[in-house]
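This is the structure I have questions about; it appears just below.
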Amino acid sequence: THPLDFVKTRFQVQDGVRSKVPKYRGTAHALVTIVRTEGPLSLYAGLTPNLLGSTIAWGTYFYGYNYLRGIARENPRLLDERGQTGPLVNMACATSAGVVTCFATNPIWLLKTRLQLQVGEAPRYRGMFDAATKVVQQEGFTGLYRGIVPSLLLTSHGALQFMAYEEIKKMIRRYNDGDEHLHTWQTLFASSSSKVFASCVTYPSQVVRSRLQQLDPNLSVSLKTSPGTDLAAKQRYYRGTVDVVLKIVRLEGVRGFYKGLAPNLMRVVPSSTITFVVYEAVAKFLGAKT
């Protein structure tokens, strides 16, 4: 599914004004055009940070979420009349786990974005570690945390997804004769529905993050830039989260916040569904309560 993530990122930064990324008419057209003009291997740019980031993110998130829910279950005041954690408690646990995950993975997502947006010219970055070195040298260590504000806002994605997932599970359990564990098809339905819901609500933050994490359209970065210096911050086209939002609203309208949504859903819904099916199967095998 990485090529879909690659295409999604390309769509997200197409502002119609300063972006150097070619314009695509749709997901299929983007894939064909990229293969024809940049080669099929270009679709896998940023694969290493994507795999690393996903591994760290899911591991940290699931561990943190279940650890916090375990603590909540020990406090009767946080349980509903059926002895289960309610939606607000689930959201609080998911958000807390998401914040920790966000700070751990934001630099990795920034490197992925930079690698995926190298178009036309000789590649500025030769790989993940080369990109990390140059970002730190040319933009300072804080450059790795560009886009951290929308990334923090994106923690609500996991919170919304888990809240929706838990609520759908509760509705399904009413028809399962008291069986705590879901059938496979029920897990497929609950996980895919909750993922689509959370994705549609939080996708604008992804677009804003990509606009901030790309090499700013106004900057022509010299490799001779003094180490540790932020690159002409006042000359940046996107000066912060609010500035990005205002520019998108003014120049692209609300639709600008949903560029790349189709390839994103095509990528994340199946992978999320598989993850939850495996998670529920393992939990059932171990006899754990989910």
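The values are calculated or read from the model by the stated rules, or taken from the named source; none is laboratory data. Note that the coordinates shown come from a computational prediction; the quantities given were computed from them, not determined experimentally. Because the Cβ atoms are built from the backbone with ideal geometry, glycine has one as well, and the counts that use them run over all protein chains shown. Note: accessible area is taken over every heavy atom of the protein model, side chains too, but ligands, DNA and RNA are not part of it. Shrake-Rupley method; radii C 1.70, N 1.55, O 1.52, S 1.80 Å.
Projected onto the charge dipole of the chain (+1 at Lys/Arg Cβ, -1 at Asp/Glu Cβ, origin at the Cα centre), which of Leu182, Ala28, Thr1 gives the Cα projection farthest towards the positive end?
Ala28
Determine ³J(HN,Hα), in whole Hz, for all residues of region 132-146 in sequence, where each value follows from phi through the Karplus function 6.51 cos²θ - 1.76 cosθ + 1.60 and θ = phi - 60°; x replaces Gly and Pro.
Going residue by residue, I get 4, 4, 6, 5, 5, 5, 9, 10, x, 4, 5, x, 5, 10, 5 Hz, with x marking Gly and Pro.
Explain nothing, just compute: Karplus ³J(HN,Hα) = 6.51 cos²θ - 1.76 cosθ + 1.60, θ = phi - 60°, for every residue of region 51-59 in order, whole Hz, x for Gly and Pro.
Rounded to whole hertz, the list is 5, 5, x, 5, 4, 5, 5, 5, x.
What Kirkwood hydrodynamic radius, in Å, does the chain give when the mean of 1/r is taken over all pairs of distinct Cα atoms and then inverted?
20.4
Right, here's the next one. Write out the trypsin sites (Lys or Arg not before Pro) in region 135-201 meeting two conditions: DSSP loop, and at most 11 other Cβ atoms within 10 Å of their Cβ.
Passing sites in region 135-201 are Arg174.
Around Gln116, under 12 Å between beta carbons, what's the net of Lys plus Arg minus Asp minus Glu among the other residues?
Combined, the nearby Lys, Arg, Asp and Glu give +2.
Let me ask something else. Within region 146-201, report the GluC sites (Glu not before Pro) that DSSP leaves as loop and that have at most 15 other Cβ atoms within 10 Å.
Glu180
What residues have an amide H closer than 5 Å to that of Gly127, excluding those fewer than 5 places away on the same chain, when H is modeled at 1.01 Å from N in the peptide plane?
none
Moving on to the next point. Using only Cα atoms, what is the ratio of the radius of gyration of region 12-108 to 2.2 N^0.38 Å?
Relative to the 2.2 N^0.38 Å estimate, region 12-108 comes out at 1.65.
Let me know the Kirkwood hydrodynamic radius for region 135-218, please, with Cα pairs as the basis and the value in Å to one decimal.
Evaluated over region 135-218, this radius sits at 15.1 Å.
With every protein chain kept in place and ligands, DNA and RNA left out, what is the accessible area per residue of the chain? Probe 1.4 Å, answer in Å².
Ligands and nucleic acids excluded, the result is 50 Å² per residue.
Shifting gears a bit: With charges only on Cβ, +1 for K and R and -1 for D and E, what is the dipole size of the chain about its Cα centre, in debye, rounded to 20?
That gives the chain a dipole magnitude of about 840 debye.
Now for a different question. When only C-alpha pairs under 8 Å and at least 6 residues apart count, what is the relative contact order of the chain, in percent?
24
With +1 on each Lys and Arg Cβ and -1 on each Asp and Glu Cβ, how big is the dipole of region 1-100 about its Cα centre, in debye rounded to the nearest 20?
That gives region 1-100 a dipole magnitude of about 380 debye.
Report the Cα centroid-to-centroid distance between region 248-290 and region 105-120 in angstrom, as an integer.
When both Cα centres are located, 20 Å separates them.
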